[in-house]
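FYI, it's all coordinate maths here, none of it is from the lab. Predicted model only: the values in this text are computed from it and were never measured. Glycine also receives a Cβ, built like all others from the backbone with ideal geometry; neighbour counts cover every protein chain displayed.
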Amino acid sequence: MIDVSRFYFILMDEIKSKLNTSQSIVVLTGAGISAESGIPTFRGQGGLWRNFRPEQLATPEAFEANPQLVWEWYNWRRELLAPISPNPAHYALVEIERQTPQFTLITQNVDGLHGKAGSRNVIEIHGNIWKVKCTQCGSITDNFDVPMQILPACQICDGLLRPNVVWFGEMLPQEELYTSQRAAAECEFMLIIGTSGIVQPAASFGLIAKQSGAYVVEINIERTPLSEVVDRTCIGKASEILTRIMSQ
Ligand code: NAD
Ligand code: ZN
């Protein structure tokens, strides 16, 4: 009979030792890492506002047709996010960064919680809800107002401001994408946390790392399409698994 707890202990030990010896680590996070802070994932329950699905509001077409409605939705999301704190999983990544010579954190999350926790080298490939971008002059600025004034105007050119997040049907910021792909190709160890593995191109980062010879570990509460690709899948909550690994 297989001793499951012993296997689990050996697995945590293996991951910890790879963490300690790797000179370059890339971490990719998705909505799952923020779930334990109380932020619903898009595919989970509790993400709806006035019965709109995110796909109906987070598009350039929706903003063009009704910027007021889209800003009202973002004001609702800002209100939900403002009091929320990072959880032990976010803090574990701050600790890993502190111990690693070359560390890159790529996140699909727009909640800004990695920065709030203290992570430094963060690439927000889907943008950040606490930043706004001018639709006319393109300037990007921090904005923590809750609620935002509707409709918000650019201080430089008076153009209409939009949330600085990547919407459905939009391209990812090219520089961030390129830097992420390069980091994935060059890392020794990749840790993929709380992402469904179906949103491209982030889903391909694990593949790139694997094909380039990295050791790739996934942490998720369930198996995903990425589970077929990675070296190890740890099933469980991000905060619990990361806390276990860090204390190993
Ligand atoms: P997703 O909602 O598609 O998937 C979340 C994944 O996390 C799932 O695989 C789920 O099994 C896993 N998960 C849930 N709770 C977990 C936990 N406690 N520990 C570990 N894993 C857990 O999210 P996605 O793959 O990141 O992509 C969806 C898109 O939605 C992204 O582009 C993102 O920008 C956006 N989004 C962002 C936020 C945020 O900023 N916090 C929230 C919702 C959606
Ligand atoms: Zn402007």
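Using all pairs of distinct alpha-carbon atoms, the Kirkwood hydrodynamic radius of region 118-248 works out to 17.0 angstrom. Just so you know, the Rg over Rh for region 17-112 is 1.09, from Cα atoms, with Rh as the Kirkwood radius. The GluC sites (Glu not before Pro) of region 143-225 that meet both conditions, a loop assignment by DSSP and at most 16 other Cβ atoms within 10 Å of the site Cβ, are Glu170, Glu222.
Every Cα-Cα pair of region 97-155 was included, and the share exceeding 16 Å stands at 54 percent.
Bridge orientation summary for the chain: considering DSSP beta bridges with both residues in this region, about 30 percent are antiparallel. A straight line joining the Cα centroids of region 110-147 and region 188-248 runs 25 Å. FRET efficiency for the pair Ser247 and Glu14, taken as 1/(1 + (r/R0)^6) with r the Cβ-Cβ distance and R0 = 22 Å, rounds to 0.90. Which part of region 202-216 falls in the paramagnetic zone of Thr21, meaning amide N under 13 Å from the point 7 Å along Cα-to-beta-carbon? Correct set: 215.
Placing dummy labels 7 Å off each Cα toward the beta-carbon, the span from Ala65 to Ile150 is 1.7 nm. Rounded to whole Å, the principal axis extents of the Cα atoms in the chain read 64, 33, 29, largest first.
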